[in-house]
């Protein structure tokens, strides 16, 4: 495993832990509840073909959001190292 792959694996585990921690917060639970309600509403309101389209749209939005989240998390870790180096905390 290359150094970049090791870093990606390490950061992915950190991100997964952070997401899991967020989901256990009141805000995370509230957002999950709202998503569940939205899903139920779509099943009640939309026709079957519209449900499929809406589901595909929501899946795409979720995927894009997750990729952005992972990028920002990785970038934040790298930026943190740069800042610590500039402050002389890291060599």
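The C-beta contact set for segment 4-18 (first residue within 15 Å of residue 78 (Cα to Cα), second residue in a helix (DSSP H, G or I), distance under 7 angstrom, 6+ apart or interchain) comprises 11/73; 11/74; 11/77; 15/70; 15/73.
The set of residues in segment 40-57 that are without any contact (Cβ under 8 Å) to a residue 12 or more places away in the chain and within 21 Å of residue 69 (Cβ to Cβ) comprises 56, 57. For first residues located in segment 24-38 and modelled with pLDDT of 95 or more, partners that are in a helix (DSSP H, G or I) and lie 6+ apart or on another chain with Cβ distances below 6 Å form the pairs 28/22. Quick one: which residue in 26, 56, 32 is within 22 Å of the chain's Cα centre (by Cα), over 30 Å from residue 4 (Cβ atoms) and loosely packed, with under 10 Cβ neighbours inside 10 Å? Criteria check complete, one pass: 26.
In the list 76, 88, which residue meets the criterion of being loosely packed, with under 12 Cβ neighbours inside 10 Å and outside any helix (DSSP H, G or I)? Spell out how you get there, then give the answer.
On the way: 76 fails: outside any helix (DSSP H, G or I).
Matching residue, one of 76, 88: 88.
Take the conditions without any contact (Cβ under 8 Å) to a residue 24 or more places away in the chain, part of a helix (DSSP H, G or I), within 22 Å of the chain's Cα centre (by Cα) and within 16 Å of residue 10 (Cα to Cα) and apply them to residue 66. Does it pass? For residue 66, the condition - without any contact (Cβ under 8 Å) to a residue 24 or more places away in the chain, part of a helix (DSSP H, G or I), within 22 Å of the chain's Cα centre (by Cα) and within 16 Å of residue 10 (Cα to Cα) - is not met.
The values are calculated or read from the model by the stated rules, or taken from the named source; none is laboratory data. As the structure is a prediction and not an experimental result, all values here were calculated from the model. Please note: Cβ atoms are built from the backbone with ideal geometry, for glycine as well, and neighbour counts cover all protein chains shown.
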